[in-house]
Amino acid sequence: MNGQHVYKVAITWTGNKGEGTVNYKAYDRSHTIAVENKSDLPGSSDPAFRGDKTKHNPEDLLVSSLSACHMLWYLHLCAEAGVVVTAYSDKATGTMVETPEGGGHFVAVTLNPEVTVTEAWMVAKAEALHQEANKRCFIANSVNFPVHHHPVCNVLKQ
């Protein structure tokens, strides 16, 4: 799996209410995120920044990307290690702070994966593989803030 990979995304602003950006309150933050051969995502800004709370915002998508990347690496590593995962869910949380200049940045993301494995002997290995998944995650390796994880591992009840 060596080489360069290119990802193409098209963003189209759909929030012109007729006057464009004549002032900060005159336009909607709505946009469409499109990737070829995939369903479009309705986007906006966070409601704190005049966005639509029913649409995906860039901050949600960043935290989602970290969570999904970790999960995909984790499942890969478990499959290679003989750890049989039957369920995986995560309730990830990202913390962003605003700067006095009006910008902002994330200071941390915490992943809270809950995993179910088939056998009790797999638990220790399953827990340890989160560390390796964190090291390999492409998205986690691309951000300048820590990505923490607090996993919980359960054994499938038979």
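Figure the gain on full extension for residue 120 and residue 87 (residue separation times 0.36 nm, minus the Cα-Cα span) and round it to one decimal in nm.
This chain segment gains 10.4 nm when fully extended.
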* Structure fact -> Across 104, 82, 51, the residue with the highest GNM fluctuation in the chain (Cα network, 10 Å cutoff) is 104
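How large is the dipole of the stretch 1-53 about the Cα centre if only Lys and Arg carry +1 and Asp and Glu carry -1, each at its Cβ, rounded to the nearest 20 debye?
On the way: 7 positive and 6 negative charges, 20 e Å.
So the magnitude is around 100 debye.
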* Are there GluC sites (Glu not before Pro) in the stretch 100-158 that DSSP marks as loop and that have at most 13 other Cβ atoms within 10 Å, and which are they? -> 101, 119
* Asked: What FRET efficiency comes out for the pair residue 21/residue 141, r = Cβ-Cβ distance, R0 = 30 Å, nearest 0.05?
  -> 0.25
* To do: Give me the angle, in degrees from 0 to 90, between the Cα long axis of helix 123-136 and the longest principal axis of the Cα atoms of the chain, rounded to the nearest 10.
  => 40
* Any idea what angle helix 58-81 forms with the longest principal axis of the chain, computed on alpha-carbon atoms, 0 to 90 degrees, nearest 10? -> 20
* Asked: Which value in deg cm²/dmol, rounded to the nearest 500, describes the helix-derived mean residue ellipticity at 222 nm for the chain, given -39,500 (n - 2.57) per DSSP H run of n ≥ 4 and division by the residue count?
  -> -8000 deg cm²/dmol
* Structure fact -> Taking a crude spin-label model, label points 7 Å out from Cα along the C-beta direction, the residue 152 to residue 60 distance in nm is 2.4
* **Amide H contacts of residue 117 (H built 1.01 Å from N, under 5 Å, at least 5 apart or other chain)** => 86, 154, 155, 156
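How compact is the chain by the rule of thumb for globular proteins, expressed as Cα Rg over 2.2 N^0.38 Å?
The reported ratio for this selection is 1.28.
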* Treating only the Cβ atoms of Lys and Arg (+1) and Asp and Glu (-1) as charged, compute the dipole magnitude of the chain about its Cα centre; round to the nearest 20 debye. => 140
* Structure fact -> Cα pairs beyond 18 Å in the stretch 1-71, in percent, come to 51
* Label-point separation (nm) for residue 49 and residue 105, each offset 7 Å from Cα along Cα-to-Cβ? -> 1.5
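Values quoted throughout were computed directly from the atomic coordinates according to the rules given, and no laboratory measurement underlies them. Everything quoted here is computed from the prediction, not taken from an experiment. Note that we place each Cβ from the backbone using ideal geometry, even for glycine, and neighbour counts take in every protein chain shown.
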